[in-house]
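This report refers to the structure that appears directly beneath it.
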Amino acid sequence: MQEVASDPADPWLLYRLAWTANRMERPDVALQAAMAAWTMEPSNEWFLAEYIRALRSLDMYDEILDCADLVRGGGVCRYYLADCERELGVHPSESMEYLLEAAGFEDDSACADACIWLAVLAQGLSEGDSSLLLAARAVELMPDEDFYRCFLAERLAESGDLAGAREQLHRLRLGGGTGYSYWRATAALAEAEGDLHRNVWALRRARTARTCPESGRDLGWALYFIGREALRTGETSMARRWLWESRLLGDTSEVFVHRSDSLLELLYEFENQTPDGV
């Protein structure tokens, strides 16, 4: 924000502010910055994407639909439009039809991009098999795109195909994958395997890769679950440590904070009422 204040005419500074504000769940800030950047360069779909993302966070669906004629091709803007049309019950959904058509393009990059956004949309409809098949197709077409492979690994883990998820993560490791999406996928595999400790370990690294409310929320829930399990098994010292850390990762609007606080209160009450020497 200081950089933008010192050079408000630089659209890329405005874009970076919008990108960061969106991930920090400050869509009000992101909306203004993205609109300013996009006004300067109306043909830049990166700027438009952050503008639409902010509109989506603010539930400004009519304004999103007003952008429909400005979106060219596929990409994340097309996904936001398709998701908005679905949310509003628009039928037929022009953006969904575009993505379905693009999934058959001969251009590998355009086809893969359409497949991955269709996979995200299918996931939202609980169409697990379709989501997996589309994600696998995207990875097949563009094997060097880490985001596609991370998404596939996460979906495989959630579907119970642990061997398939491990294979995708192994390929990512060989390619040097250490980003936010990689650690989220690693955490998803650990959770599917029932390994609470490795799940927390991976989510700590995800939070290091991107410190934002989403990564804090994910880690906060993981710490709550491992703290609750420790409490059940009588490991009160570790339970206290994990639950205390969990409650520090969010404010009072977060459910995991309230639940961690409740367990801590029960723990303190139990310890205070336990006779000495017991």
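The values are calculated or read from the model by the stated rules, or taken from the named source; none is laboratory data. These numbers were taken from a predicted model, which means no experiment stands behind them. Using ideal geometry, Cβ is built from the backbone for each residue, glycine included, and neighbour counts are taken over all protein chains shown. Ligands, DNA and RNA are stripped out before the accessible areas are found, and what is left, the full protein with its side chains, is counted by its heavy atoms. Shrake-Rupley method; radii C 1.70, N 1.55, O 1.52, S 1.80 Å.
Kirkwood hydrodynamic radius of region 1-150, from the reciprocal of the average inverse Cα-Cα distance over all distinct pairs: 16.1 Å.
What the chain shows is 54 Å² of accessible area per residue, with the surface traced by a 1.4 Å probe over protein heavy atoms. Comparing Met60, Met35, Met142 in a Gaussian network model of the chain, where Cα atoms under 10 Å apart are tied by springs, the biggest mean-square fluctuation is seen for Met60. Helical runs (DSSP H, four residues minimum) scored at -39500 (n - 2.57) apiece and divided by the length of the chain put the mean residue ellipticity at 222 nm at -24000 deg cm²/dmol. Kirkwood radius for the chain, taken over all pairs of different Cα atoms as the inverse mean of 1/r, rounds to 20.9 Å. Within the accessible area of region 192-278, the carbon and sulfur atoms contribute 51%, probe 1.4 Å, all protein chains present. The candidates Ser262, Ser6, arranged from most to least accessible area with a 1.4 Å probe in the full protein assembly, appear as Ser6, Ser262. Coupling constants for region 80-97 follow from the phi torsions by the Karplus curve (6.51 cos²θ - 1.76 cosθ + 1.60, θ = phi - 60°), and in residue order they are 4, 5, 4, 5, 5, 4, 5, 4, 8, x, 6, 9, x, 8, 4, 6, 5, 4 Hz; glycine and proline get x. Relative protection proxy for 212-221, 74-83, 88-97, from highest mean packing down: 74-83, 212-221, 88-97 (other beta-carbon atoms within 10 angstrom).
Surface composition of region 1-68: carbon plus sulfur atoms contribute 55% of the solvent-accessible area (1.4 Å probe, protein chains only, all chains present). In region 130-178, the portion of solvent-accessible area held by carbon and sulfur atoms comes to 51 percent [1.4 Å probe, whole percent, DNA, RNA and ligands not counted].
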